[in-house]
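What follows draws every value from the coordinates through simple rules; no lab data is involved. Model, not experiment: these values are computed from the prediction. All Cβ positions, even for glycine, are placed from backbone atoms using ideal geometry, and neighbour counts span all protein chains on display.
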Amino acid sequence: MAPGTPASCESHRPPTASPIRCVSIDVEEYFQIEAAHGAIGRERWGDWPSRVRRNMDLLLEMFDRTGCRATFFFLGCVAERHPDLARRCVDMGHEVASHGSMHDRLHRLTPESMRRDVEGCKRLLEDQTGRAVLGYRAPTWSLTRKTSWAVDVLAEAGFRYDASVFPVRHPMYGVSDAPDRPFYLRDSEGSARLLEVPPLTWRVMGRNLAVAGGGYFRLLPLSLMRRGLAQADAQGRPAILYFHPWEFDPGMPRMPLNVTGRVRTYTGLKSAADKLEAVIRGFGGDAGRGWQPIGDHLDRLGAMAESTGVFTLRRQAAA
Ligand SMILES: [Zn+2]
C-alpha cells in the first residue's frame, strides 16, 4: 500500500498505512569485519584500539537529533567490553538485538557451536538491558543455503525474527531468489519457521540491487538508495537499512587489507554521516520520526510474511 492512501481510513489503526522504515546498526569494531579476517586474527584484536564508543556516540547523537529510533544488532564481545552501551541504546528508545558473540560467519560454526554463540550473546544483552532480545542478524549475511540449519537454531533459541538473508546475487553471501519482502523462512530439513525481514533491495531489470547500506551506501550515489526507498514505498515493502559504527569513522587506523578490502572499507567514510542524516530526514517524515526499530513492527511484518508465504532454503549440498 502506498503511503497516505485513503485505505488507512478502513484499517484498524491509522499507523498501518505508514511505510515501515528501519535503520539497523551492526555494532562491531572495525578490526572484526570480514575483510580483516585473514589479516587480523582474533588473538590480535587486543592490539587494535577500540573505536566503537566514539562511533556509537556519533550515531546516538544523530538519532537523538533526528528522532530516528533504530535497531542495534550487538556483537556479544563488544557488549562485554563496553557493558553500558546496550543499556544506553535501550534508554534512548532503540531496540537491542543480536549479531552473535564473536562475528563468526555461520559456515565456520556447527549447529551446536552456533547455539552456544547465540544463546550466550542473547543472555548477555538481556541481562544488560532488562529487555527480551527478539532479533538476530548473522555476521556478513551468512545465513544462506549452506547454513540453512541455522533457522532451527534461531527458532529454538527464542528469536522472534531474523534479518540475515540478503536477496541478492553476491559471491560471498545472499540467497538471490529469496523474497525481497518479509517472509517465513524454513530449512528444508527442519520444522521451524522463522519470520525473516530482508534488507532493502531495488528491483531493476529483473535483478535485486543491494542499496540498503554498508559499502554500497558509501561507494554508490545516494540516488540508488532513494530509488530503492521509493520503489519499496510504492510496492508496500518495508525498507530495512543497515550500517556499522566504523563506517562513520574517517580516523580509524588503517589495517593491512588487500586492495578490494581497502576500497570497500575506507571509501566514503568522511561523507557517510551527512549522507545518513540526509536519508533519515528525507525519508523519515516529521523530522525523521518515521524510522522505528524492527521489533516495533513485528505484527505488521508478520502479517506481510503471511501473505508472502514460506520460503524453504533448499540445502545446496542436497540439490
Ligand atoms: Zn557484522
Inset, instruction - Give me the number: length gained by fully extending LYS275 to SER176, i.e. 0.36 nm times residue separation minus the C-alpha to C-alpha distance, one decimal in nm. - result: 32.9 nm
Inset, instruction - Compute the relative contact order of the chain as a whole-number percentage, counting only Cα pairs closer than 8 Å that sit 6 or more residues apart in sequence. - result: 24
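Looking at the stretch 235-303, which trypsin sites (Lys or Arg not before Pro) are in a loop (DSSP not H, G, I, E or B) and have at most 14 other Cβ atoms within 10 Å? Don't jump to the answer; show the numbers that get you there.
On the way: sites: ARG254, ARG262, ARG264, LYS270, LYS275, ARG281, ARG289, ARG300; in loops: ARG254, ARG289.
In loop regions of the stretch 235-303 (DSSP not H, G, I, E or B), the sparsely surrounded trypsin sites (Lys or Arg not before Pro) are ARG254, ARG289.
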Inset, instruction - Please give the contour-minus-distance gain from LEU219 to ARG116: 0.36 nm per residue of separation, less the Cα-Cα distance, rounded to one decimal in nm. - result: 33.5 nm
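Which FRET efficiency value, to the nearest 0.05, is calculated for GLU126 and ASP84 with the Förster distance at 22 angstrom and r the Cβ-Cβ distance?
Working: r = 15 Å, r/R0 = 0.70.
Efficiency, from the Cβ-Cβ distance: 0.90.
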Inset, instruction - Return the sequence-ordered ³J(HN,Hα) values of the stretch 177-184 in whole Hz as given by the Karplus equation 6.51 cos²θ - 1.76 cosθ + 1.60 applied to θ = phi - 60°, using x for Gly and Pro. - result: 9, 5, x, 8, 9, x, 8, 9
Legend entry - Most mobile of ILE280, ILE40, ILE294 in a GNM of the chain (Cα contacts under 10 Å): ILE40
Legend entry - Under 5 Å, built H, 5+ apart or other chain: amide partners of SER142: LEU106
Inset, instruction - Return the single residue from THR110, THR260, THR129 with maximal mean-square fluctuation; model: Gaussian network over the chain, springs between Cα atoms under 10 Å. - result: THR260
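Counting only helical runs of four or more DSSP H residues, what would the 222 nm mean residue ellipticity of the chain come to if each run contributes -39,500 (n - 2.57) and the total is spread over all its residues? Don't jump to the answer; show the numbers that get you there.
Details: 10 runs with 109 residues, N = 319.
Computed ellipticity for the chain at 222 nm equals -10500 deg cm²/dmol.
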Inset, instruction - Give me the number: length gained by fully extending ARG315 to ARG169, i.e. 0.36 nm times residue separation minus the C-alpha to C-alpha distance, one decimal in nm. - result: 50.9 nm
Inset, instruction - Please list the non-local residues whose amide H lies under 5 Å from the amide H of ARG21, H modeled 1.01 Å from N, same-chain partners needing a gap of 5 or more. - result: ALA239, GLN292
Legend entry - SER50 paired with ARG227, simple spin-label distance in nm, labels 7 Å along Cα-to-beta-carbon: 4.2
Inset, instruction - Could you grab the Rg to Rh ratio for the chain? Cα atoms only, Kirkwood for Rh. - result: 0.94
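Just to confirm a number: summing +1 for Lys and Arg and -1 for Asp and Glu over residues other than ARG254 whose beta-carbon lies under 13 angstrom from that of ARG254, what do you get? Mind showing how you got there, number by number?
Numbers: positive: ARG51, ARG262; negative: ASP249.
That works out to +1.
What longest range of the chain stays clear of loop-exposed GluC sites (Glu not before Pro) (DSSP non-H/G/I/E/B, at most 15 other C-beta within 10 angstrom)?
Values: sites that count: GLU10, GLU189.
Counting at most 15 other Cβ atoms within 10 Å as exposed, the longest clean stretch of the chain is 11-188.
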Legend entry - Share, in percent, of DSSP beta bridges within the chain that are antiparallel, nearest 5: 25
